[in-house]
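Asks: Supplied in structure tokens, the structure appears directly below.
The values are calculated or read from the model by the stated rules, or taken from the named source; none is laboratory data. Treat the numbers as computed from the prediction; the structure is a model and nothing was measured. When we count neighbours, we look across all protein chains shown, and the Cβ atoms used for this are built from the backbone with ideal geometry, even at glycine.
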Amino acid sequence: DPGGARNYDDGVRCLLMRGGTSKGAYFLADDLPPDPAERDDFLLRIMGSPDPRQIDGIGGAHPLTSKVAVVSPSADGTTDVDYLFLQVAVDEPTVSDSQNCGNILAGIGPFAVERGLVPAQESTTAVRIRMVNSDSIATATFATPGGRVDYRGAAAIDGVPGTAAPVTLDFADTAGSSTGALLPTGNTKDVVDGIEVTCVDNGMPSVLMRASDVGVSGTESPPDLEANTELAGRLARIRLAAAELMGMGDVSGKTVPKLVLLAPPRRGGTVTTRSFLPVRCHTSIGVLGGTTVAAGIQLPDAVGHELAQLPADGGPLRLEHPTGYLDVGAELEQGPAGLTTRSSTVLRTARKLFDGTVFPREHPPATI
Ligand code: NQM
């Protein structure tokens, strides 16, 4: 509101969507407070954070269901829309723009068409999206028969029951998304806290390690891994030290880098993964977490390369995760400064769940 008189407590237009294996609140940037601090305060209050149950908000009590997308027309005209991802913490009063989310990304194209930011094409529509968090570009392609988004279809993704219309995500420039290099430490392998790790960033800065090196098999369930307090302490130490090597500074309180435990495949896939967000264990694996693992384990000297059964035909890698598989294409090529990624591709689905007005809870009483 140009007069500044807008009262966001009266409610804000919001589309609740499932994007891939995540769920979040999608907003037009213009509908939110322009000041980032006010915006974040508003988002905490609609999600019901901080509270482990998020009982007084629309958050789902897990980082994967406490997410926000802010969408606007392209600022510089080079894409169709700009997408800012915000992670709203569940039990802490924090909102972070330090990472990207490739699952919430799956809902951005459909959202842009729903809100009239992008015209639908005849049968399928391709939307070019700037992922503001990493300043990189993705193209989402999805069905729009008769000029409307059709969410129904036959594509199944593990971690989501049933089937829906496919959303194809193509990434062009994921290598070094937020650290500047596919191998941010300059090495294929480093030793951190006494174990070998590979620090890699093909869309999501991540620390790859062998599950066996941290005393687990890598096939445990997320609740079992989360209950292992010795493992949690070890992973936290490894993360802080690896992040320093990656040039990310002090990452305490940040959601990146992620941690990925690797083990040999058990169900005919390429490799077994257990990823950490970084504290909660992922119930599947992130999209860009997946493109990052797929690029990392293809590097001959990387941790995990020797555990993996890489496809002989150069086809997609099949990452095993706690609720199934993620198939990821990640094609590497020799660049002027070493190996880099030519392209990465992931198939997702998305669904519009609820379109309406969201109301923030009152401010919590000020702490003295
Ligand atoms: O890696 C969770 C998710 C994600 C991020 C996380 C994601 C990605 O699965 O692109 O999608 O890593 O915090 O939604």
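Asks: With respect to Leu84, determine if the residue is touching a residue at least 40 places away in the same chain (Cβ under 8 Å) and within 15 Å of the ligand (Cβ to nearest atom).
Replies: Numbers: touching a residue at least 40 places away in the same chain (Cβ under 8 Å): yes; within 15 Å of the ligand (Cβ to nearest atom): yes.
Against the criterion (touching a residue at least 40 places away in the same chain (Cβ under 8 Å) and within 15 Å of the ligand (Cβ to nearest atom)), Leu84 qualifies.
Asks: So how many residues does segment 29-38 have that are in contact with a strand residue (DSSP E or B) (Cβ under 8 Å, 6 or more places away or on another chain) and either of a type in the set (A, V, I, L, M) or free of Cβ contacts under 8 Å to residues at least 40 places away in the same chain (or both)?
Replies: To start, the set of residues in segment 29-38 that are in contact with a strand residue (DSSP E or B) (Cβ under 8 Å, 6 or more places away or on another chain) comprises 29-32.
Checking which are either of a type in the set (A, V, I, L, M) or free of Cβ contacts under 8 Å to residues at least 40 places away in the same chain (or both) leaves us with 29, 31-32.
Of the residues in that region, 3 qualify.
Asks: Regarding Arg18, is this residue modelled with pLDDT of 95 or more and away from the ligand (no atom under 11 Å from the Cβ)? Lay out the reasoning, then the answer.
Replies: Values: modelled with pLDDT of 95 or more: yes; away from the ligand (no atom under 11 Å from the Cβ): no.
Answer is no for this residue.
Asks: Are any of the residues in segment 187-201 within 25 Å of Ala330 (Cα to Cα), surrounded by fewer than 24 Cβ atoms within 10 Å (Cβ to Cβ), in contact with a Lys or Arg (Cβ under 7 Å, 6 or more places away or on another chain) and not β-branched (Val, Ile, Thr)? Step through it out loud before you land on a result.
Replies: Here is the first cut: in segment 187-201, the ones within 25 Å of Ala330 (Cα to Cα) are 187-190, 196-201.
Now drop any that are not surrounded by fewer than 24 Cβ atoms within 10 Å (Cβ to Cβ), which leaves 187-190, 196.
Remaining after also requiring in contact with a Lys or Arg (Cβ under 7 Å, 6 or more places away or on another chain): 196.
Imposing the further condition that a residue be not β-branched (Val, Ile, Thr) reduces the set to 196.
Within segment 187-201, one or more residues are within 25 Å of Ala330 (Cα to Cα), surrounded by fewer than 24 Cβ atoms within 10 Å (Cβ to Cβ), in contact with a Lys or Arg (Cβ under 7 Å, 6 or more places away or on another chain) and not β-branched (Val, Ile, Thr).
Asks: Which one of Thr168, Thr163 is farther than 25 Å from Val88 by Cα, in contact (Cβ under 8 Å) with a residue 40 or more places away in the chain and within 16 Å of the ligand (Cβ to nearest atom)?
Replies: Working: Thr163 fails: within 16 Å of the ligand (Cβ to nearest atom).
Criteria check complete, one pass: Thr168.
Asks: Any residue in segment 121-143 that is in contact with an Asp or Glu (Cβ under 9 Å, 6 or more places away or on another chain), over 24 Å from Leu347 (Cβ atoms), modelled with pLDDT of 95 or more and β-branched (Val, Ile, Thr)?
Replies: No, that holds for no residue.
Asks: Among residues belonging to segment 256-279 that are within 14 Å of the ligand (Cβ to nearest atom), of a type outside the set (A, V, I, L, M, F, W, C) and farther than 17 Å from Gly20 by Cβ, point out the one that is farthest from the chain's Cα centre (by Cα).
Replies: Top of the filtered list is Arg274.
Asks: A further question follows. Step by step: first the residues of segment 87-104, then only those that are within 11 Å of the ligand (Cβ to nearest atom) and touching a helix residue (DSSP H, G or I) at 6+ places or on another chain (Cβ under 7 Å), then the one that is farthest from Lys23 (Cα to Cα). Which residue is that? First the steps, then the outcome.
Replies: To start, the set of residues in segment 87-104 that are within 11 Å of the ligand (Cβ to nearest atom) comprises 87, 96, 98-104.
Checking the rest, the ones that are also touching a helix residue (DSSP H, G or I) at 6+ places or on another chain (Cβ under 7 Å) come to 87, 100, 102-103.
Values: Gln87: 11, Asn100: 14, Gly102: 12, Asn103: 8 Å.
Checked segment 87-104; the qualifying residue farthest from Lys23 (Cα to Cα) is Asn100.
Asks: Right, here's the next one. I'd like the full set of residues that are at pLDDT 95 or above and on the phi > 0 side of the Ramachandran plot, limited to segment 234-271.
Replies: Result: Gly247, Gly249, Gly268.
Asks: Can you tell me which residues in segment 280-298 are closer than 24 Å to Gly180 by Cβ and either outside any helix (DSSP H, G or I) or more than 16 Å from the ligand (Cβ to nearest atom) (or both)?
Replies: Going residue by residue through segment 280-298, those that are closer than 24 Å to Gly180 by Cβ are 285-298.
Answer for segment 280-298, where residues must be closer than 24 Å to Gly180 by Cβ and either outside any helix (DSSP H, G or I) or more than 16 Å from the ligand (Cβ to nearest atom) (or both): Ile285, Gly286, Ile297, Gln298.
Asks: While we're on this one: Out of the residues in segment 244-255 that are out of contact with any strand residue (DSSP E or B) (no Cβ under 8 Å at 6 or more places or on another chain) and in contact (Cβ under 8 Å) with a residue 24 or more places away in the chain, state the one that is nearest to the ligand (Cβ to nearest atom).
Replies: Gly253
Asks: Related question: Residues being outside any strand (DSSP E or B) and either within 16 Å of the ligand (Cβ to nearest atom) or on the phi > 0 side of the Ramachandran plot (or both): count how many of those fall in segment 185-207.
Replies: Initial filter on segment 185-207 (outside any strand (DSSP E or B)): 185-189, 193-194, 203-204.
If we keep only those that are either within 16 Å of the ligand (Cβ to nearest atom) or on the phi > 0 side of the Ramachandran plot (or both) as well, we get 186, 193-194, 203-204.
Qualifying residue count, segment 185-207: 5.
Asks: Based on this model, can you work out whether Asp355 counts as more than 30 Å from Gln54 (Cβ to Cβ), acidic (Asp, Glu) and surrounded by fewer than 24 Cβ atoms within 10 Å (Cβ to Cβ)?
Replies: Numbers: more than 30 Å from Gln54 (Cβ to Cβ): no; acidic (Asp, Glu): yes; surrounded by fewer than 24 Cβ atoms within 10 Å (Cβ to Cβ): yes.
When the stated conditions are applied, Asp355 does not pass them.
Asks: Starting from residues that are basic (Lys, Arg) and closer than 23 Å to Asp173 by Cα, keep the ones in segment 303-352 and report whichever is surrounded by the fewest Cβ atoms within 10 Å (Cβ to Cβ). Steps first, answer last, please.
Replies: From segment 303-352, those basic (Lys, Arg) are 318, 342, 348, 351-352; that's our starting set.
This time we only want the ones that are closer than 23 Å to Asp173 by Cα, so: 318, 342, 348.
Values: Arg318: 19, Arg342: 14, Arg348: 27.
It comes out as Arg342.
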